[in-house]
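As structure tokens, the structure follows; a few thoughts come after it.
The values are calculated or read from the model by the stated rules, or taken from the named source; none is laboratory data. All values derive from a computational prediction rather than experimental measurement. Every residue, glycine among them, receives a Cβ derived from its backbone with ideal geometry; neighbour counts consider all protein chains shown. What goes into the accessible areas is simple: the full protein's heavy atoms, side chains included, and nothing from ligands, DNA or RNA. Shrake-Rupley method; radii C 1.70, N 1.55, O 1.52, S 1.80 Å.
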Amino acid sequence: MKKKLLEPVIICAVALLAALFAEFVLFRIPANSLRAHTGETRTVSPDDTYAYQSADLDDGVITFTGDSTGTVSIGSVSELRTLRLCAVGPNRRGRLTVQLTAADPNGGSVERKISFDFSPADGNSMFFDLGSDYDAESVLLIFEKCKDMVISSIVLNAEPEHEFFFLRMLGVWCLVAFALFCVRYRLFTLFYEHSNRSHNLALAGSVFASVLLIAFISLFGGPYTVEYPVSEEDELYAYGNYVQQTDAFIKKQLYLDLTPPDSLFDCENPYDPADRAAHGVSTEDIWDKAFYEGRLYSYFGVLPVLLVYMPVWLITGRMATDTLACTVFALIAAVFTALSLRELVLRYSVRARLLTLCAAVPATLAASMVFTMQASANFYTVPVICGMAFLTIFIYLSLRGARAQRLQVRCALFAAAGLSLACIVASRPQHALYGVVLLPVFFGVLCEKKSVKDKSLMAISFAVPLLAGLFAIGLYNAARFSGPLDFGSTYQITVSDTAKNTLRPQLFSYAMFHYFLQPLELSRFPLAGLTRVRLESYGVDYIYIGESFGALMMPLNWGIFTSVYYALKNRPRRLLVIVGAISVVAVAFIDFCLAGAHIRYTCDIMTVIALISALGLIEIDSKSGLKCVTAVVHVLMALSLIYAFSLALDNEVDLIMHNNPALLYAIRRALFI
């Protein structure tokens, strides 16, 4: 007994020693290597610089007095590699561009610009590595968003200081301890048994780890609620269609409490940006609203209002923010993604390694972009993550209902599945197309040797809640727009006349590129970033291209190829993959034709791809029997988590960057990037 208790203690102690060694020895290597490449250290006094634009030199310090760009010139520098600014300022986020001019071998000069984001309020963030040595004839430091920052000195070729990061050491300790436990107790040899309580607790542990990550992200996303009516100071966190729709419901009306500009009524086509511009229409307060019969509406799915915003107001009298809504739906997605993976493994008789199945839960959430959508919380992402959450609910309930033996349990689960499908339509209608993915499952249930009465009861159980939900949605649409099937998307006040966006076959290849193959930005590997790629010609008047990346750039999703391979040998699995592929391609094509390319739209296809891909990786890991394959599978899952977490920290919305920019800079310093 003492030996059994002593072994875990020894493993934890060894892991702690390894973490300490890594922190104080291994993690010093990059700093020592950089120190060896820097030239002579030189301190430049502000008096020896030339400051202009909104930068003023006075009393031996440089002060940034305006919101515009401030520039500091420090003359020529040889072998410049690093610089450190001794500065302080109130802003949480600023930007520095180092502009270098150097002689080239042909007698001319070349110009190089290197940009950095930093936090003037965080002294530790003021060290900058330029990446290479430069013999510069002139050096300009161009500062943006640095109002009231004061620079007291500039150190050229400053030697990097080793920084102790407790969280980095804790992470290394956990990873080493986990690896040692796996080796000592041969955890990688265990295969998942759905009736084993310990195995299910381990799976629940992976869900809990995902919940911790969601909680961590939510800490930096801003407040969960604000006072109602919303004040001007809180508009950053509680402004947009969902807050305004909730406000409308509170006032017992369907249309938003906004007055359209008078000039909008003078337009022949108010949805045409050129027509609006010709009439001087200001769209600041009506952007991305639906303008119909003289009133403004929200065309976004209403379900989040009913599930989050209205209940919060009824209980607390305060207004929920988009951060709270996205966090709630992320938590739901975490639970039901794990349950859906479990049901897929059982449905298709995949003999899964316990560790791989547990690792697949957070990795699938990462590849589904749940973490990124949560961290990008605004009224655009709320319906996306809500649709993703209810899609996983629908998948789980459908598969669990097909596995149930008792008729009453089956009917209850199918009824809940039908209701969840209606909820998908009420949040993100295009996700409802994935209902066809489970048609083979429902068809298999109806083909079982059951009585006609039992089959009819199961079909009715599914159909009645679904039809009731669709009927309610139809009534809501008809009360606002032209009919039950009119969701109002063609009445948008936005960058183009969306009524002209139709399904155009010539856009198919472009859709496949943007939604599946568009690359990630990996210059700071292993951190990933979004890219904006506009091709030469799309053959149409206008197509919206925002920041995004293709689904196959997420490492976990490479498992789709293994899923296809195993599907060729299994007919039920083959139907799942074929119907899933058709539905994913259809959603990608429809989204691109009607909306364009953006990370939010790419997320519409990620959940289904990630689930099927995770199933493929789980299966190849168990069937190959090769340790190298197991290692590759776990590396792909780990990379997906890293990519998703980095996108959560630094994305188009930059909500975390706004609320706590020092967090991202600290992580970059900890990873030496």
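Between V635 and A463, the contour length at 0.36 nm per residue exceeds the alpha carbon distance by 57.7 nm. Using the average count of surrounding beta-carbon atoms within 10 Å as a protection proxy, the listed peptides 328-335, 545-552, 268-275, 572-579 rank, highest first, as 328-335, 545-552, 572-579, 268-275.
Using 0.36 nm times the number of residues separating F166 and R504, minus their current alpha carbon distance, what extension gain do you get? Provide the component values of the computation, followed by the final result.
Numbers: separation 338, 0.36 × 338 = 121.68 nm, distance 5.41 nm.
Additional length available on full extension: 116.3 nm.
Judged by the mean number of other Cβ atoms found within 10 Å, the most tightly packed of the peptides 460-470, 189-199 leads the ranking 460-470, 189-199.
Computed log10 I(q)/I(0) for the chain at 0.06, 0.08, 0.11 Å⁻¹: -0.41, -0.73, -1.26, from the Debye equation with unit scatterers placed on every C-alpha and solvent omitted.
Qualifying trypsin sites (Lys or Arg not before Pro) in the stretch 360-458, where qualification requires a DSSP coil assignment and no more than 10 other C-beta atoms within 10 Å, comprise R406, K449. Think of a 1.4 Å ball rolled over the protein heavy atoms: the chain then has 45 Å² of accessible area per residue.
Given R₀ = 45 Å, what would the calculated FRET efficiency be for L254 paired with E521, taking r from the Cβ atoms and rounding to 0.05? Given R0 = 45 Å and the Cβ-Cβ separation, E is 0.60.
Ranking of L6, L324, L556 by solvent-accessible surface, largest first: L6, L324, L556 (1.4 Å probe, protein heavy atoms only, all chains present).
Using only DSSP helix segments of four residues or longer, with each worth -39500 (n - 2.57), what per-residue ellipticity at 222 nm results for the chain after dividing by its residue count and rounding to 500?
Details: 21 runs with 324 residues, N = 673.
My calculation for the chain gives -16000 deg cm²/dmol from helical runs alone.
Label separation (V533 vs T316): 4.1 nm, computed from points 7 Å beyond Cα along the C-beta direction.
The simple spin-label model puts a point 7 Å past each Cα toward its Cβ; for T283 and S624 those points are separated by 4.9 nm. If r is the Cβ-Cβ distance from L16 to L212 and R0 is 25 Å, what FRET efficiency results, to the nearest 0.05? Working from the Cβ atoms, E equals 0.75.
Once the Cα-Cα distance is subtracted from the 0.36 nm per residue extended length, the K453 to R295 segment shows a gain of 51.9 nm. A 1.4 Å probe, protein heavy atoms only, puts the accessible area of K500 near 130 Å². Taking label positions 7 Å along the Cα-Cβ direction at both V150 and A479, the computed distance is 6.0 nm, reported to one decimal.
For the set L407, L85, L26, solvent exposure ranked by accessible area (probe 1.4 Å, protein chains only) runs largest to smallest as L26, L407, L85. The fraction of accessible area contributed by carbon and sulfur in the chain is 62 percent, rounded to a whole number (1.4 Å probe; ligands and nucleic acids excluded).
With all protein chains present and a 1.4 Å probe, how do T97, T490 order by accessible area, largest first? Don't skip to the end; give the middle numbers.
Working: T97 15, T490 55 Å².
If we order T97, T490 from most to least accessible, we get T490, T97.
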